[in-house]
Every structure is written in structure tokens, then in C-alpha cells.
1. Taking R0 as 22 Å, what's the FRET efficiency between Asp137 and Glu433 from their Cβ-Cβ distance, rounded to 0.05?
2. What translational D, rounded to a whole number of µm²/s, comes out for region 279-374 from Stokes-Einstein when the hydrodynamic radius is the Kirkwood one over Cα pairs, at 20 °C and 1.002 mPa s?
3. Stretch Gln414-Glu29 to full length: gain in nm at 0.36 nm per residue minus the Cα-Cα span?
4. Taking the chain as the reference, fit the longest principal axis to its C-alpha atoms, fit the long axis of helix 100-114 to the helix C-alpha atoms, and give the angle between the two in degrees, 0 to 90, nearest 10.
5. Round to a whole angstrom and tell me the spacing of the C-alpha centers of region 179-256 and region 268-347.
6. Please give the charge dipole size of the chain, origin at the Cα centre, charges +1 on K and R Cβ atoms and -1 on D and E Cβ atoms. Round to the nearest 20 debye.
7. Restricting to DSSP H runs of at least four residues, report the calculated mean residue ellipticity at 222 nm for the chain, -39500 (n - 2.57) per run over all residues, nearest 500 deg cm²/dmol.
8. What's the long-distance tail for region 274-325, i.e. % of Cα pairs beyond 16 Å?
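The values are calculated or read from the model by the stated rules, or taken from the named source; none is laboratory data. What you see is a predicted model, and the numbers here were worked out from it, not measured in a lab. Cβ coordinates were reconstructed from backbone atoms using ideal geometry, including for glycine residues, and neighbour counts include every protein chain displayed. Remember, those area values only see protein heavy atoms, side chains included, never the ligands or the DNA or RNA. Shrake-Rupley method; radii C 1.70, N 1.55, O 1.52, S 1.80 Å.
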Amino acid sequence: MTAPESTLASPSWAQTDDTHDPALRSWVESANDPKTDFPIQNLPFGAFWHDDRGCGIGVAIGDQVVDMLILRDAGVFDDLGDAAVGIFTDNLYPFILEGSSARRALRRRMSELLREGNKELAENAELRKQAVCAQSDVRMVLPTMIGDYTDFYASIHHATNVGTMFRPDNPLLPNYKHIPVGYHGRASSVVISGTPIVRPCGQTKADDADAPTFGPCKLLDYEMEVGAFIGEPNAMGRSVSIADAEEHLFGLVLVNDWSARDMQKWEYVPLGPFLAKNFATTISPWVVTMEALAPFRVPTFERDAGDPKPLPHLFNSDNESHGGIDITVEVWIQSQQMKAQNIEPVRLSRGSFANMYWTLSQMLTHHTSGGCNMEPSDLIASGTVSGPTKDSRGSMLELSWRGTEPIDLPTGEQRRFLADGDEVIMRGYCEREGFRRIGFGECRGVIMPAST
Ligand code: CA
């Protein structure tokens, strides 16, 4: 389901400019493929490792990556002044620290440089050879140093589904429609797409058992989420207002919040998730900037007539009219048997980030409302993106309804939860009439056997 288009005037952070012009083409031919996630209108940032050249900061264009450090050393960003200083190092952190005006200036410069007809790089064969290479020739690494990670629970459909399974009489707790609920996660185990995920071990207790046991997780799951990197920080003791929140967001990635459901069930009372969530979280490598997402802003979730209006610090008209983002998110799976039989991955679900009850601005505002300081590169994830229909449920817990409705795979195998060798592939993209489709690339992870 897509939220209806707003007729209200766009706030500055949702306005489009000539970098979004759908007619723009790039001299990098693969960027003009209608199916690419990385047309010239996207220009996401990432960090990579190249065997010959070492670390690099890149911008994705079609199936190529442009090395920003080489361009900077060649003087391509000299006119930008301080904006280019931020890309000195081997990850995005210093650039994120530069703030939104630097990001916008660099986006504009890269859009010019990669446009069809621009000769600066296109016809400088030597520089082009050094600075542009195939994405398949580099290995993507974490885009930045993630100091802190928070996971929200912003889909009312996910919260209602999970609540119904565990508390059938009282699925949605009374705070849900007042507070963007979340928990503090673990930054050290956030890994880049493609990193194998070892099945965790932990304490679980069967319903009919007297005591818990320790061993490999039996109910391993994924959660399809969207994550936001914080850009500009706020000082401790100073909250970020709902009006300013968008200016504190750098860009978005896809997030897989791997979840050990049997461990979660035993440990989560009374303080919430702990070891069931902290063994691994996977993110996609390309950070799609808030500027690239401007054409896809939509009104916030349409609350029911009886729902409470958010308290004043979580409410403003710009957030109501443009706080949502219409990102289609998909989860695919390929089992080991499917791989062995050359069967392509199959899609498990497709949902939209427009269906979240709370917006990213509300999550950030709430997070800082008590005075908590957010640092540049902190990651906040949205919580599982689930929609109102069965095929839009963003976790296997929901899809198989706690294992009671197994999922059939093309090999004849069934899944209630993830098996060793399963690869989970998440994809995200934005489409809107009158604009060029942009995508997030992939967020992948394959399950390895427990290491006991
Ligand atoms: Ca989660």
C-alpha cells in the first residue's frame, strides 16, 4: 500500500532539484539501464576495499564505483572548499561530520561530473581509468564507524502481529501509539552485506520444560528494516526538535536485524531484547542520501480516527505531510539445496516503508527528547517493516505465524524459521511516476552452523 500523495507545500528537505530530473543520463552507460539501482539521480555513498589501491570512498553509478579520494587528489572538488575536506579518510565518518550542506554540494558536483555531455572525467582517460572501476572489482566494507545503534519498533502491523502471537488478549501495549518504542542495540556486531552469520547459541526454555538449556538457536529469524545514519550531532542535554530532525539525518540503508526467537522468548522479560539480537545485524553497503530520497516523501501513516494525536514535541505539519518515505522493501531466500540445484532465490515478502506508524523524524526526536546526544554515524533502525497483508510481513516469525504455517520452497523443503545454508537477500527501491527509480542494492547474509 502506498500513502496518498500530499498536496501541501514541500518542506526544504523534501524539495527536488535538477539532480532529480528523470531525463538526466550519465556517460556511464550502465547507469541508464532502467533496472539499475544506481542511476545518476541516486549517487549513494559507500566505503570499499580495492586489492591494488586499498581503502576508498565511493559513489555508485550503474555497475561502476567512482573513487572519491582519487577525484579529490586530482582537484575535482577544489571549488567545494571545506565540503571536500570531509572525504579525506577511509570511511564516511569525516564526511558525515561535515553536515548536510557539504553533502548537498558534493551530490551536485557528482551529478554534474557524471552527466552525459560533461567531459571533465569522461574524456580524461587517465583519471577515469584510475577513478572509475567495476563494483565487482571492489569489496564493500562498513560505510562508517558506527558508535551506537538503536532499533525501533515502528510498524504497527509488525507490533500487532507479534503482540497477537505472544499476548493474544492484549496485542498492542498502551504506550505504542504515544511513544516510538525502541531498545539500545549493539554496534560492534553490525556487519556489511555478505558477511556469513553464525547461528547463535544461547539459553532457551521449552514451554513444557522445567528448566532452560544451552545450545544452538532453533528459531533463527530475520527482520527486514530500514536504517538511518545520523549526520549532524546534538549536544548532550539538548534535544532535536521535530522541525529540525530531518537535517540531522544523513542517509538510509537496508538492515537485517537477525533474531533468535527462542532465546528472545526466554530472555526478553522484563528488560527487552539482549542476546537474541546482539549476535549480528547486517546492513547494505550503499548509503542512499536524504537528498536522493526527496522525490519519494509521502505523508505520515494515516492514523485511525480514534488514535491519539502525537504529543506536541512529536508533531508538526511538515512531518505529517512529508515525514514518510515510500521505499518498497523485499525479502528473498535461497536455501543450500536451491543453490545446489541452480534455483534462483524466491521472494518471501514485499512491503513499504510508507506503512510505518512513526517517521524517522519522530524516532530521532523521541530518542533525543530526554537529552541523549546522538553522534555522527550513529545508526537508528526502524524495526521490522510489515504491512497489513500477509505477503508484506517482514519477518519469518510473522510469515509462518510462529511456525504454524510453514513456507514452501521450490525444492519441496519447508521453512518455519531459517536453516543452516539459507541465504536471506533484502532489496529496496523507490518508484514514483515522473521520477527515476532508485534502489538500495542488496543486504545479504548466509546462515552458518553454530560453532559449538
Ligand atoms: Ca528489530
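1. 0.05
2. Working: Rh = 16.5 Å.
This corresponds to a translational diffusion coefficient of 130 µm²/s.
3. Stretched fully, the Gln414-Glu29 segment lengthens by 134.4 nm.
4. Between the helix axis and the principal axis of the chain, the angle is about 60 degrees.
5. 12 Å
6. 660 debye
7. One gets -4500 deg cm²/dmol as the mean residue ellipticity at 222 nm.
8. The share of Cα pairs beyond 16 Å in region 274-325 comes to 63 percent.
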